[in-house]
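*Asks:* There's a structure below that I have some questions on.
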Amino acid sequence: MSASGLAVRVGLPHSVMSAPRGTYSVSQKVGGVVLLLVIKRKQIMDVLSFVAIGLALMISIVVIMDVKAGRSRSVIEWGLSFSVPNQPPQGTVDAETLRQYNALYSVKTPQKLVCLTFDAGYENGYMPSILDTLKRHNVSAAFFLVGHYLQSQPELVRRMVAEGHVVGNHTMNHPGAAKLNNPAVFTKELQDFEALYQEVVGAPCAKYYRPPGGLYAAPNLETARDLGYTTVFWSLAYADWDVKNQPDPTAAMEKLTGRIHPGAVVLLHSTSRTNAQILDQLITTYQEMGYTFVPLYTLTA
């Protein structure tokens, strides 16, 4: 390349560009080359930045698509969106996608069927009252327990089973996201619960699994399925878990009756004082609305 050509490309001063051929100094030539290299380096960095942004955008789109399709390997939290009163909500993942993992959150049916489920991490003094109310109404519920509950309340667990309730696996230790996404650790969580349940009850536990905190990812749903479990999310719940900030009973009833729908899986926490107070009224109200309570295995048959 000629010196004049170089001067035009890199934008050297007019005095340099207009100089006669062959009159450039060595320093001018070297300076021009250095300037060209600096410009090319900036251009390359700009291109690389553009490519990086494009790749990040593509990855984000793939992740969003995977979450919607239920294939995300990142742990995400189950959620619901209610748009029409007394109609099934939209879950974080749709029912058909969950079906490939042998998972559900409600059942599509025109019949007014409802299944009561309770999560219990520890005993807060309300389980005997809850069981009494269920027995009085002849309602079979499902209780998702953790290992601590099996260890600390074996008599109540045996009572649940004796009175016809399903006891499901809520994992041994209610692990966080990191452990849930580790297949070996997650498998141990389920199997340790199974072993302890066998020891306490004297029979194998029912193969129903509820994700701790509603946290899930494709790997643990696949693992639960491969171990023979049905994963049970929920289609109706409310903020009842904070024992220091319990909901007003009237507000709780409004929430639970306003969102009930055919094929509902209702989640309540047995540690809730409010739930113990309203359970009798809730069952009666649902029945007056035309709903029939069914065991969990009826919905999953």
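Values in this text are rule-based calculations from the coordinates and carry no lab data. Nothing here was measured: the structure is a model prediction, and the numbers come from that model. Glycine gets a Cβ as well: all are built from the backbone with ideal geometry, and neighbour counts include every protein chain shown.
*Asks:* Where a ≥ b ≥ c are the square roots of the eigenvalues of the C-alpha gyration tensor, would you call the stretch 81-300 rounded, which needs a/c under 1.5, or, failing that, prolate if a/b is larger than b/c, or oblate? Don't skip to the end; give the middle numbers.
*Replies:* Values: a/c = 1.59, a/b = 1.19, b/c = 1.33.
Oblate.
*Asks:* Could you check the simple spin-label distance between D248 and E155, using points 7 Å along Cα→Cβ, in nm with one decimal?
*Replies:* Inter-label distance under the simple model: 3.8 nm.
*Asks:* Moving on. To the nearest 0.05, what FRET efficiency results for T292 and K255 with a Förster distance of 22 Å applied to their C-beta separation?
*Replies:* Working: r = 21 Å, r/R0 = 0.96.
So, using R0 = 22 Å, E works out to roughly 0.55.
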